[in-house]
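Coordinate-derived values only; no laboratory data. Just so you know, these numbers come straight off a predicted model, no measurement behind them. Virtual Cβ from ideal backbone geometry, glycine too; neighbours counted across all protein chains shown.
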């Protein structure tokens, strides 16, 4: 008895110390941000601070508590009960010409009862296994949340990088056009050019400025998304450190697919769902099994014949054996339901395997195509740069017109932007390969 009370006190103290929201950030807490974030540091910060992760962690904590709850049938059930009743008229019988009371007018009954299940044919053990499967499911969901958050952070990180590069390229183009505009105006004043050259240059500069405005607006939007993912205040600067992947990666499709089947969070969750369904089938099959328990009660009670109004100590010890005979076929239908859920979980796992195989093959194909495009656009940049140098030389010599030079410069700018986009696309295609094959980013 003393050990039971000690255990209850320890559980209550642990619950008080842990509190209802262990692991959540206090109000006003702000994550510490390094001066320049790498993509790995950004992912770690997002996972450490995002409410979705804290929510999933509380689900894991709840599943841990459910395991403890499922163990409760293995411990004694201790209860204290009390009753009072005032009856009237008092039952009595005539004895030797007088009345003898058979019950007291005031009835008291205080008892301390204990019931302990001795054997239940594996129901409690199966329930514990099912709770552990629920804990694994909660853990798998937590991994899915972290994975989704990590790859969203990587996408925002790379989007900011490409948009900043785009803005820089457009700034170079606008600067070159403004310099060319000044030269054109001087040539008009000298009588060696017409106003058409000035007007054409102004049109090109205005178009480049509009492109820069769009790129800067998209950049601001992505920075807002990035701050939201990392829990940064709106005014926090976004300083990033990193670059796009500029080397080809070799792919072993068979090995990557095997890794995806083993490590993809969705696959581990699907296997956990199958395990839980099997345990549900087993638990349902035990619904008609008997149970054996022992009970003990002791207390004080009035109503004993020698002194009806005196409280007397008493006890009772007994065994409780229950065998379900008929419950409206409830156990049978519960087993059918559990078997159907198991079949559904198995079908979901097989469907998921097919989806993952297709996603992995598509991601690898896109990555290979992106790298080929990157190599091709790199050649285009070099060719366009050479064309600009030649056009500038010919323009200064008066061999080509202003429009020819502007066309060469515009082609060079578009080639640079295309190369940056191809690097971005290739980097994101590698991220997609990592995602579909279950690589951890944290």
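Some values worked out for this structure:
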quantity	calculated
Residue-span extension gain [residue 316 to residue 178] - 0.36 nm each, minus C-alpha spacing	39.5 nm
Rough spin-label spacing in nm, given labels placed 7 Å along Cα→Cβ, for residue 81 and residue 295	0.7 nm
Residue exposure sequence - 160, 90 - by fewest surrounding Cβ within 10 Å	90, 160
Inter-label distance for residue 246 and residue 190, nm, one decimal - labels placed 7 Å from Cα along Cα-to-Cβ	3.8 nm
Segment residue 103-residue 390, length gained on full extension (0.36 nm per residue, minus Cα span)	91.2 nm
Potential lengthening between residue 404 and residue 119 on full extension [0.36 nm per residue; Cα-Cα distance subtracted]	93.3 nm
Helix 330-396 vs. the chain, principal-axis angle (Cα, 0 to 90°, nearest 10)	20 degrees
Calculated FRET efficiency for the pair residue 69/residue 325, C-beta based, R₀ 22 Å, to 0.05	0.15
Relative contact order (percent, whole number), the chain, Cα cutoff 8 Å, 6+ residue spacing	22 percent
Antiparallel %, DSSP beta bridges [both residues in the chain], to 5	95 percent
Packing-based exposure ordering (other Cβ within 10 Å, fewest first) of 50, 348	348, 50
Value of relative contact order over region 68-202, rounded to a whole percent, pairs C-alpha under 8 Å and six or more apart	19 percent
Where a label projected 7 Å from the Cα of residue 40 along Cα→Cβ would reach, residues of region 219-244 with amide N under 14 Å	241-243
Candidates 288, 306, 171, ranked by Gaussian network fluctuation over the chain, Cα under 10 Å, top entry	306
Relative pair counts by distance (%), Cα atoms of region 149-253, 5 Å bins	2, 11, 15, 14, 12, 10, 10, 8, 7, 5, 3, 1, 0, 0
Directionally averaged projected area (convex hull, Cα atoms, region 317-442), nm²	16.7 nm²
222 nm mean residue ellipticity, helices alone, for the chain (DSSP H n ≥ 4; -39,500 (n - 2.57); rounded to 500)	-23500 deg cm²/dmol
5 Å-binned pair-distance histogram of region 29-144 (Cα, whole percent)	2, 9, 10, 9, 8, 8, 7, 7, 7, 6, 6, 5, 4, 3, 3, 2, 2, 1, 1, 0, 0, 0
Angle in degrees between helix 51-70 and the longest Cα principal axis of the chain, rounded to the nearest 10	20 degrees
Rounded tilt (10° steps) of 39-49 against the dominant C-alpha axis of the chain	30 degrees
Matching label, semi-axes √(5λ) of the Cα gyration tensor in Å computed from the structure shown, candidates [x] 56, 29, 19; [y] 35, 26, 20; [z] 81, 27, 16	[z]
Shape parameters for region 254-349, alpha-carbon atoms, Rg then Dmax in Å	25.9, 88
Once the Cα gyration tensor of region 114-162 is diagonalised, semi-axes √(5λ) in Å	47, 8, 4
Exposure proxy ranking, count of Cβ atoms within 10 Å, fewest first, for 335, 421	421, 335
Label-point separation in nm, residue 383 to residue 365, each point 7 Å along Cα→Cβ	2.7 nm
